[in-house]
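Have a look at the structure below, then the notes.
The values are calculated or read from the model by the stated rules, or taken from the named source; none is laboratory data. Predicted model, so just to flag it, every value in this text is computed and none were measured. All Cβ positions, even for glycine, are placed from backbone atoms using ideal geometry, and neighbour counts span all protein chains on display. The area values use the complete protein model at the heavy-atom level, side chains included, leaving out ligands, DNA and RNA. Shrake-Rupley method; radii C 1.70, N 1.55, O 1.52, S 1.80 Å.
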Amino acid sequence: MAKFHFSRLRHELHSIFLNNWFLEDNQSLPTIGSASYFVEENSSSIQCHRQVKSWLEDCLENHSSCSSQDDCALPTRVVNVGLISDDDLKYQQPFLFEPSGASGRYVALSYCWGKNANTVTTTSETFQAHKQCIEMDSLPKTIQDAITITRSLRIPYIWIDALCIIQGDPSDWAREAGKMCHVYSSAVLTISASNASSSNEGIFGPQRFGAPPRPLSYCGNTVYVCQNVAREHNRFEVQMRMREPMPLNRRAWTLQEGVLSNRIVHYTSSELVWECNDRFLCECGFANMKIEMGDEISNRSIRQPELAREMKIDRKIAYQKWRDLVMVFMERQISVDDDRLAAFSGLARQFRRLLRAASGGAGSDQYIAGLWAGDLAHGMLWSVEDDWFRQSRDLEIEYRRPKSWRAPSWSWAAFEGPVEYAPLTRLESMIDVVEAEALPRTMYDEMGQVTSARLILNGTYCPGTNAMRSLCYFQHHPTSKWHLGVISLSSSLSWEY
Ligand SMILES: [Zn+2]
Ligand SMILES: [Zn+2]
């Protein structure tokens, strides 16, 4: 059996190269690049289930930065996945369970409903029947797959919005939407159906990094080459924003679901990816890394506000994080215009904790329709994304006003589409807030939708550099003219480009 070592034999596809190669009669697979493990061809495999279970067990038992998170108060409703004790192969049909304050472990699902999806939902008509049984076969593929994963982890419950919120009941929806922060931050694990744009598509599928080696003819012999996955790893893509993000990362609701989850497994088109407060891991092993205290991308400081001091998060940094999240959030699409502020209320709730912790537990900040009273000067300096960014965007993104009033003109929520903030590093607010008020639409979620808002400020309107830039921009886009802030800027402006 001949085996040759070759350095970087390039193939016609620049993403493929080979560090060593072997002849056809070699039964073993080549070791390529720096990847440590082989990736399964399809994420439905038993090996993938084992991988997720092993990541979860390791996190619960060994990660010092992650709480062991034994049982916690279960959400208002969960789906019992039908485990039968001591039997890994047989299950009962799932059913809706109302824990009434009981504790337990549950998984949460983050997924796209999708347009025209055949989503089975709990309504006032199906509520009693679902408490008896939810036929597995009647469920859309994504929900079936999520239940299969939960069963393989031997976790008894899963929270899925379509089944655990009574659809079509506005007060139940409002009450439960106001609990999103708890639902996702208390789940033992969140399953992220990253690559499915609709609940009919399912979570499992072929994994690009698991493609088998391709045969190539070379000097009269057949050699096998694997893709060099090393250069295809981009942690930012999995977690946040890219020009062409995965389907889940295009949706507004799922941003807070991901940011608030303490453990999340992403089923991507390439491979499985794990994220917790201690580790970022992927199935091939190339991206494995420990998350350090000051890690910027992990959002750990938002999930663990009690560590704000240790992470050197002060109010200024916390406000900056808020504005960064607003920009990511506004890049994402929402099916119902009216839901914008509700889809961000879980994060607002968590930021209230972070801001309190960042100021040493002293006082709390007022939340006014997407802005913080303590950051009004900078918070109001948002503008609609400029043409340069627009041209580099996906065509699906819309730039428009909401179909009906949902926020005051000085809030970013008064617009639909990506926004940006003036990149000021030294901004000294010279405004006094005389009166600030936003009336919540429902008593169940004081940080969600609003019916009206009012802001009276005292200050000097200064048509300085930034104000001019904003005004010039709005002239280009006449539909945006309603945005006007009363802001006074200090003379020490600093621009970053
Ligand atoms: Zn962990
Ligand atoms: Zn990987």
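I'd like to know if the range 415-430 contains one or more residues that are under 25 Å from His182 (Cα atoms) and out of contact with any Leu (no Cβ under 7 Å at 6 or more places or on another chain).
At the first step, the residues of the range 415-430 found to be under 25 Å from His182 (Cα atoms) are none.
There is no residue in the range 415-430 that is under 25 Å from His182 (Cα atoms) and out of contact with any Leu (no Cβ under 7 Å at 6 or more places or on another chain).
It is to be established whether one or more residues within the range 427-450 are open to solvent by 30 Å² or more (accessible area, probe 1.4 Å), assigned by TED's automatic domain parsing to the domain that holds Gly346, assigned to a loop (DSSP other than H, G, I, E, B) and under 30 Å from Arg393 (Cβ atoms). So that I can check it myself, show each step before the final result.
Here is the first cut: in the range 427-450, the residues open to solvent by 30 Å² or more (accessible area, probe 1.4 Å) are 427-430, 432-435, 437, 439-441, 443-444, 446.
Adding the requirement that they be assigned by TED's automatic domain parsing to the domain that holds Gly346 leaves 427-430, 432-435, 437, 439-441, 443-444, 446.
The next check asks that each one be assigned to a loop (DSSP other than H, G, I, E, B); those that pass are 427-430, 441, 443-444, 446.
Going one step further and asking which of them are under 30 Å from Arg393 (Cβ atoms), we end up with 427.
Yes, some residue in the range 427-450 is open to solvent by 30 Å² or more (accessible area, probe 1.4 Å), assigned by TED's automatic domain parsing to the domain that holds Gly346, assigned to a loop (DSSP other than H, G, I, E, B) and under 30 Å from Arg393 (Cβ atoms).
Quick check: anything in the range 278-297 closer than 17 Å to Ser185 by Cα and assigned to a helix (DSSP H, G or I)?
There is no residue in the range 278-297 that is closer than 17 Å to Ser185 by Cα and assigned to a helix (DSSP H, G or I).
For every residue, the table says whether it meets (1) touching a Phe, Trp or Tyr at 6+ places or on another chain (Cβ under 9 Å); (2) in contact (Cβ under 8 Å) with a residue 12 or more places away in the chain; (3) within 14 Å of ligand 1 (Cβ to nearest atom); (4) not charged (D, E, K, R).
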{"position": "Asn277", "(1), (2), (3), (4)": "no, yes, yes, yes"}
{"position": "Asn288", "(1), (2), (3), (4)": "yes, yes, yes, yes"}
{"position": "Ile291", "(1), (2), (3), (4)": "yes, yes, yes, yes"}
{"position": "Ser301", "(1), (2), (3), (4)": "no, yes, no, yes"}
{"position": "Lys321", "(1), (2), (3), (4)": "yes, yes, no, no"}
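Within the range 230-242, is there a residue that is aliphatic (A, V, I, L, M), under 22 Å from the mean Cα position of the chain (by Cα) and either at pLDDT 95 or above or farther than 17 Å from Ala287 by Cβ (or both)?
In the first step, residues of the range 230-242 are kept if they are aliphatic (A, V, I, L, M); the result is 230, 238, 240, 242.
Filter once more, keeping what is under 22 Å from the mean Cα position of the chain (by Cα): 238, 240, 242.
With the extra rule that they be either at pLDDT 95 or above or farther than 17 Å from Ala287 by Cβ (or both), the set shrinks to none.
So far as the range 230-242 goes, no, none of its residues is aliphatic (A, V, I, L, M), under 22 Å from the mean Cα position of the chain (by Cα) and either at pLDDT 95 or above or farther than 17 Å from Ala287 by Cβ (or both).
Restricting attention to the range 287-301, does a residue exist that is of a type in the set (Asp, Glu), open to solvent by 10 Å² or more (accessible area, probe 1.4 Å) and touching a helix residue (DSSP H, G or I) at 6+ places or on another chain (Cβ under 8 Å)? Quick ask: steps written out before the conclusion?
Just the residues of the range 287-301 that are of a type in the set (Asp, Glu), to begin with: 292, 295-296.
Narrowing further to those that are open to solvent by 10 Å² or more (accessible area, probe 1.4 Å): 292, 295-296.
Then keep just the ones that are touching a helix residue (DSSP H, G or I) at 6+ places or on another chain (Cβ under 8 Å); that gives none.
No.
Of everything in the range 51-67, what is open to solvent by 30 Å² or more (accessible area, probe 1.4 Å) and within 16 Å of ligand 2 (Cβ to nearest atom)? Give them in sequence order.
Gln51, Ser54
Restricting the search to the range 155-200, which residues are out of contact with any Lys or Arg (no Cβ under 9 Å at 6 or more places or on another chain), open to solvent by 10 Å² or more (accessible area, probe 1.4 Å) and not charged (D, E, K, R)?
Within the range 155-200, Gln167, Gly168, Pro170, Ser171, Trp173, Ser186, Asn195 meet the criteria.
Does the range 48-61 contain any residue that is modelled with pLDDT under 90, in the same structural domain as Ile155 (by TED's automatic domain parsing) and within 16 Å of ligand 1 (Cβ to nearest atom)?
Residues of the range 48-61 that are modelled with pLDDT under 90, as a first pass: none.
Scanning the range 48-61 turns up no residue that is modelled with pLDDT under 90, in the same structural domain as Ile155 (by TED's automatic domain parsing) and within 16 Å of ligand 1 (Cβ to nearest atom).
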